[in-house]
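Notes to accompany the following structure.
The values are calculated or read from the model by the stated rules, or taken from the named source; none is laboratory data. Values in this document were obtained by computation on a predicted structure and should not be read as measured data. Methodologically, a virtual Cβ is constructed for each residue, glycine included, from the backbone with ideal geometry; neighbour enumeration extends over all protein chains shown. Keep in mind that these areas ignore ligands, DNA and RNA; they rest on the heavy atoms of the full protein, side chains included. Shrake-Rupley method; radii C 1.70, N 1.55, O 1.52, S 1.80 Å.
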Amino acid sequence: MLTENKGWIHNRRPVMAGSQWELPSELCCRPMAFVALTGLDVVYNAVHRAIWDAFCANRRADRVPISFKVLPGDHEYPKCRTKRTSYEWYIPKGILKTSWMNKHLNLVPALVVLFYELDWDDAQWKEKQSECATKVEIVRTSLQGRNTKVAVVLIQKKTPLPPGEDLVASERAAALCNACDLSGKSLFVLPHTDHLVGYIIRLENAFYEHAQTYYYTEIRRVKSHKEFLNKTTHQLLFVRHQFKIAFFSELKQDTQNALKYYRTAYSLIHELRAHETNMLEIKTLAGFINYKICRLCFQHNTPLDAIAQFRKHVDLCKKKIGSPELAFEHAAWMSKQFQSFGELFDEAIKLGLTAIQTQNPGFYYQQAACYSQERKQLAQQLCQAGKSSSEPLDIQPGGLDFYGQRHWRQGHQSIDPPDAEKEKMGILALQIKERDAPHSELIIALLSNAVAQFKKYKCPRMKSHLMVQMGEEYYHAKDYSKAIKLLDYVMCDYRSERWWGLLTAILTTALRCAYLMASIKDYIIYCMELLGRASNLKEEQKSRIEKNLLKVLMNEVPDAEPECDSSSLTTARCLWGDRMALTASTELTIEVQDYIPFIQCRAKFLAPSFHVDQAVTLLVFLRADCPHPVSFNKLSVYLSNQEYNQWCVVSSGEESMRLWPGKSKSFSFSFVAKTEDVGKKIEVTGIEVMLGRECGRCVFLTWRGAGGDVASAHEALQASRSCQGRDRSNEAPKEVDWDSLAMQPCTMIMPRVPKISVQLSHDPPALISEMYHIGITVHSQENAVAKDVKLTAGLKPGQDANLSQSTHVTLDGLSVCDDAAPALLPDVPLGDLKPGQKLEKSVYVKCMTTGLRVFLFHVAYTINTEVGEQQLLCKCHKDETVTMETMFPFEVSLKFMSTKFEPLEQVVVDIPFLLMADIQSSSPWPLLLASSSLQMLTISSNTPQAPSQLQGVVLQTGECATECFCLRCPPLKSSSSKTIAAGQYLLSWRRKSSTEDSPLTQTAIPLPLVSLDSIPLYIYADLPSFGRVRESLSVRYHIQNRTALVQEVEMAVEPSDAFMFSGLKQVRLRILPGSEQQMLYNYYPLMAGYQTLPQLNISLPRCPSSNTHTLRRFLPQRIFVKPQGRQLDAPSIAAA
Amino acid sequence: MAVCIAVIAKENYPLYIRCVPVQNELKFHYTVHTSLDVVEEKISSAGKSIGDQRELYLGLLYPTEDYKVYGFVTNTKVKFVIVVDSSNTSLRDNEIRSMFRKLHNSFTDVMCNPFHIPGDTIKSKAFDSIVSGMMVQAG
């Protein structure tokens, strides 16, 4: 809630002090037993003061409900009338005396306590005892005829002994009781010592018991009257007695019974014969009793009972209007009923009751306000009479004997008024009094109470409605500025919820307020909205309002609004006159976006984007919804870049600046965007329409953004729904369809479209590590010289970071670039480009990993162009991107093999072995292998400086090249690591298609790890490559000792079916360290074909780790034996 | 019979309001508008409970001194409000329900009209006559 709106939630409790409708305070309070304390001098005696303070301070809920009062000892209590012995001739004058409740609450005590300072061992005991007795007697006399109890409290200085121990005390106590005619239960001792509060609490509990007994006897007494009553003449007494019993029960704190008796009283009161003369009395009492019942129900935590009782009460009394001339009294009374119930309900909620949305005190306050409004209307109708000539009757509140009676015929109970003339005078006096009642104030206070409640119980619309009512009431009370404030506050709710009927009604009231207080700005705003499409006023009304609006714009006084209070009109005219004289030249700016003004405005850029060399076109559409044409003098559009504002203004007083009702008009603006705005948005930030003239009154209507208002979003939605499937082609072409006119508040300024072509030529995919060539051809189709052409080439930014690490771009195609080359070459100057000229450029890309890459080729240049008459230096650029795959050119597999071409797991030191390299091309393009070499670390080549076997080999896709190296591993210096890195295999290659001078790419392939082994004994055989059947073939076995020890070798040759042989079949020999033994055998093959050689069994007794099996792998296993050649004779050849 | 019948859009603006007597129109508009507080509250509290089968009939929204206001919400959150004179005690809950059902059927027919744009105010003779049949006859 706005802070300034706090103003209307003021005095929550209506100012009704002294109003006859206010419930008496003695009715509304909680009745408590009344105990009078006498003999206390609270002014001069400190002890007495302390006692009194202990009685009245800290009376919390846990202490007994007693209201104490200090009275002088000789206080005169209200006289008790002599008890009636018979009711036979008694005719009651009314239901309840106005003084009765107060009498029993505050005047007639249930108990009078006499405080007296006296110790048991007082020296002057006799004298003091008789003085005390006298004082008791005085009190008794004053209470003649009442059942009020009397008690004596002795204030003592000494702490009493436990009962029974102090014989003097009990004796003297008995004597004192006797002298004062008191029962022992009514004599108390109050030692004035430390524990005063404790004693006081015990005392008051005792007093409370006495008081309860008193009220009990009172109830019995009232009940006892019943048997004397008869139903014809004593009907009023039935009610009175039930009420009294209930009230005494309340004093006795017996609320259950009190409720019961009040209910009886309530049903009895409706049995009374009601007629015009006693209607007010019946209603007043019914209201009292109803109040008591509801209050007790809430107290007993049975709120539903309270609500039911109240509903019953209202239903019973609603129609009991009474005298029609005083009908406003009934409305006032009804209002008060609702108000006090609302207050009871509210109070119960504060004490912990929970209310709900549909049942909360707000409804009762609202209804109370409703009846107050009715009261006001009735008062306006009925209180037309002028001041009566004769002296008005005295009708001051108070001064009545009985509740709810008329001053001029108190105590009168007959059906017809006793004096018709006096009756008339009385009614007139009441009417005159009613005329001065602050009706609006009451209504507003009740409404603001209701608003507070509905706010609490989540009823925003109810709250708004009540605020409208408050606003209207302020209007009636002629507090126009408050009225406008309130109405303004709720108007937007109705506007946003699109309740046009209600909005129009509120606006009409607000317009009247604005007129009457001559608030020009408010007046114009309300006029504008009432003329707009949200208002459902009739055409003639709108026409009248528009004329008034035009008058205000011409700085003239507008005509008065209809239904205005005629007395206010003259003041309003004066005010307007002053305003016109004072503010002749002021300008007013009105933000209309949050209203629904009668001029609608929508702006749109013709396109969502414009190229910088195009003129930006902006259309502004205006439409008037008012009944007569309206003209304006200036239309200006504000853009986000203020430099353009100068192009978007129309002003002058031409015919074209006139808006016709229901027609839309468009205004077109165009301007050339600045080159620095390329890539930026241009936005409409505001639109301003000027109504009126500079010489008269200027009103600027402003829209934020591209126009539109509160209702337009919904209208656009509806229009989009209706467009679906509707053919609108047959509409008049020049008239835009307003509903489907969409706003376009911003446009993008795009760079000029380049007129150059960028072509890329390359052969994808790229191969890893190669200098991949991309040819760029830039061809200018511009009409002018493209200056300052710059090329940016390379990996498109925004890809995986790893890619930029493994991609290198260079312009130099003659050598392989290193890792320092960047991934993106920015701004390579290419010079100027004449029209039609072509320019070529090569870029080399080296990719170190496989994968997809996006490359960007960005050609930027500047060029002079003409837009309209303006010369413009435009920056243009053209982007080409290409997505490229990078792959391995070939797959190389490297294998170690023994000299027997068997795969090797281990390499034996100093024994030759083979390295096989298989190169399989996976490139789609033919590859030229330029050279290959091995880069050894520990191993040496057996064939140094042999040319590469692969030199000049061209591999097509899928083809494989193989190369073989014979290697030997020298003995290791440190034998600690058994596996060693052998080195790498280097391959130089290029694409077959590339030029001769293009650089070779060298690819290094690491050799597999080798595990080394050393053997003590090495054996190898010298044997021919083949044998021939039955031809001797000699085999020489060389056995080398590789250890530093003398080795003993046992050697045996196993017999074989395929061979006969000569030589040592079994031998044992010694080989010195580092030396060699040779064994010569002559084998004589017996069979042709592959034959297994005789097995050689070797064992080393000193070195059991190397046996025949380990050694045998060095030896050839088989040999091919050719069949025996036949002697060829010449004739057979000739025959053949 | 009803003294006011209103159809309120999902966004809480009126699609149709008819009331007798016509001179009290503004008051009825306020009554219907304020009753939306209770409707909103009921819808939001019903949304929390389990089960998709929501009771469309909301029952008595709130009693004022003079009128009883009943509510009904379709599955598309279109609200129907019927205002009945408080003195009309003969009207039972069942009858109110059947009034709403009739209104709902007629409303569905209006929506089925291909020329009707959902969200526009209802202009239909058939709907008018159904509503008239449920209103207190003026005069």
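Remarks
- Scanning segment A:272-316 for residues that are over 20 Å from A:PHE238 (Cα atoms), crowded, with 21+ Cβ neighbours inside 10 Å and among the hydrophobic types (A, V, I, L, M, F, W, C) returns A:CYS294, A:LEU296, A:CYS297, A:PHE298, A:ALA306, A:PHE310.
- Check on A:LEU852, closer than 19 Å to A:MET887 by Cβ, of a type outside the set (Asp, Glu) and open to solvent by 60 Å² or more (accessible area, probe 1.4 Å): yes
- Residues that are open to solvent by less than 50 Å² (accessible area, probe 1.4 Å) and within 11 Å of another protein chain (Cβ to nearest Cβ), drawn from segment B:20-43: B:PHE28, B:HIS29, B:TYR30, B:THR31, B:VAL32, B:HIS33, B:THR34, B:SER35, B:LEU36, B:ASP37, B:VAL38, B:VAL39
- Any hit, segment A:610-617, residues being under 39 Å from the mean Cα position of the chain (by Cα) and not in a strand (DSSP E or B): no
- Meets criteria (within 26 Å of A:GLU891 (Cβ to Cβ) and either open to solvent by less than 10 Å² (accessible area, probe 1.4 Å) or not aromatic (Phe, Trp, Tyr) (or both)) for A:ALA981: yes
- Residues located in segment A:91-115, provided they are closer than 30 Å to A:THR232 by Cα, part of a loop (DSSP other than H, G, I, E, B), open to solvent by less than 30 Å² (accessible area, probe 1.4 Å) and in contact with a strand residue (DSSP E or B) (Cβ under 8 Å, 6 or more places away or on another chain): A:GLY94, A:ILE95, A:LEU96
- The listed residues are B:LYS27, B:LYS77, B:LYS68, and the only one of them that is of a type in the set (Lys, Arg), over 15 Å from the mean Cα position of the chain (by Cα) and under 27 Å from A:GLY362 (Cβ atoms) turns out to be B:LYS27.
- Condition check for A:MET916: surrounded by 14 or more Cβ atoms within 10 Å (Cβ to Cβ), without any contact (Cβ under 8 Å) to a residue 40 or more places away in the chain and not assigned by the TED database to the domain that holds A:LYS787: no
- Residue check for B:ILE122: touching a strand residue (DSSP E or B) at 6+ places or on another chain (Cβ under 9 Å), in a loop (DSSP other than H, G, I, E, B) and open to solvent by less than 60 Å² (accessible area, probe 1.4 Å): yes
- Where a residue in segment B:97-118 is more than 14 Å from every other protein chain (Cβ to nearest Cβ) and of a type in the set (Lys, Arg) and its partner, wherever it lies, is in a helix (DSSP H, G or I) and open to solvent by 20 Å² or more (accessible area, probe 1.4 Å), with Cβ under 7 Å and at least six apart: B:LYS102/B:ILE130
- Scanning segment A:1022-1051 for residues that are under 30 Å from A:ALA1088 (Cα atoms), in a strand (DSSP E or B) and open to solvent by less than 20 Å² (accessible area, probe 1.4 Å) yields A:GLY1027, A:LEU1033, A:VAL1035, A:TYR1037, A:HIS1038, A:ILE1039, A:MET1051.
- Scanning segment B:60-75 for residues that are open to solvent by 40 Å² or more (accessible area, probe 1.4 Å) and more than 14 Å from chain A (Cβ to nearest Cβ) turns up just one, B:ASN75.
- Single unsatisfied condition, A:GLN366 versus (1) more than 14 Å from every other protein chain (Cβ to nearest Cβ); (2) open to solvent by 10 Å² or more (accessible area, probe 1.4 Å): (1)
- In segment A:476-488, of all residues being part of a helix (DSSP H, G or I) and among the charged types (D, E, K, R), the one that is nearest to A:VAL592 (Cα to Cα) corresponds to A:ASP488.
- Identity of the residue in segment B:1-19, more than 10 Å from chain A (Cβ to nearest Cβ) and assigned to a loop (DSSP other than H, G, I, E, B), that ends up modelled with the highest pLDDT: B:LYS10
- Output for segment A:536-581, where each listed residue is in contact with a Lys or Arg (Cβ under 9 Å, 6 or more places away or on another chain) and touching a residue at least 40 places away in the same chain (Cβ under 8 Å): A:VAL552, A:LEU553, A:MET554, A:ASN555, A:PRO558, A:ALA560, A:GLU561, A:GLU563, A:CYS564, A:ASP565, A:SER568
- Single residue of segment A:991-1016 satisfying the filter (open to solvent by less than 90 Å² (accessible area, probe 1.4 Å) and among the hydrophobic types (A, V, I, L, M, F, W, C)) that is farthest from A:GLU905 (Cα to Cα): A:LEU1000
- Against the test of being in a helix (DSSP H, G or I), away from chain B (no Cβ under 14 Å) and within 27 Å of A:VAL630 (Cα to Cα), the options A:ILE524, A:ILE506, A:ILE590 yield a single qualifying residue, A:ILE524.
- A:GLN949 being surrounded by fewer than 17 Cβ atoms within 10 Å (Cβ to Cβ), at pLDDT 80 or above and assigned by the TED database to the domain that holds A:ASP997: yes
- Some residue of segment A:20-36 being open to solvent by 30 Å² or more (accessible area, probe 1.4 Å) and modelled with pLDDT under 80: yes
- Residue within segment A:447-464 that is open to solvent by less than 10 Å² (accessible area, probe 1.4 Å), away from chain B (no Cβ under 14 Å) and not in a loop (DSSP other than H, G, I, E, B) present: yes
- Evaluation of B:VAL81 against the conditions (1) away from every other protein chain (no Cβ under 11 Å); (2) in contact (Cβ under 8 Å) with a residue 12 or more places away in the chain; (3) surrounded by fewer than 18 Cβ atoms within 10 Å (Cβ to Cβ) shows that the sole unmet condition is (3).
- Meets criteria (within 14 Å of chain B (Cβ to nearest Cβ) and either buried (at least 19 other Cβ atoms within 10 Å of the Cβ) or modelled with pLDDT of 90 or more (or both)) for A:GLY532: no
Results for (1) small (Gly, Ala, Ser); (2) open to solvent by 10 Å² or more (accessible area, probe 1.4 Å), shown as yes or no for each residue.
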{"position": "A:GLU117", "(1), (2)": "no, yes"}
{"position": "A:SER130", "(1), (2)": "yes, yes"}
{"position": "A:VAL168", "(1), (2)": "no, yes"}
{"position": "A:ALA174", "(1), (2)": "yes, yes"}
{"position": "A:CYS180", "(1), (2)": "no, no"}
{"position": "A:GLU204", "(1), (2)": "no, no"}
{"position": "A:GLU218", "(1), (2)": "no, no"}
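- Tally of residues being assigned to a helix (DSSP H, G or I) and either free of Cβ contacts under 8 Å to residues at least 24 places away in the same chain or open to solvent by less than 20 Å² (accessible area, probe 1.4 Å) (or both) across segment A:489-500: 4
- Where a residue in segment A:468-479 is assigned by the TED database to the domain that holds A:MET491 and closer than 11 Å to A:ILE506 by Cα and its partner, wherever it lies, is polar (S, T, N, Q) and open to solvent by less than 40 Å² (accessible area, probe 1.4 Å), with Cβ under 7 Å and at least six apart: A:GLY471/A:THR509; A:GLU472/A:THR509
- Once segment A:319-351 is narrowed to residues that are more than 12 Å from chain B (Cβ to nearest Cβ), modelled with pLDDT under 90 and outside any helix (DSSP H, G or I), the residue that is most open to solvent (accessible area, probe 1.4 Å) is A:ILE321.
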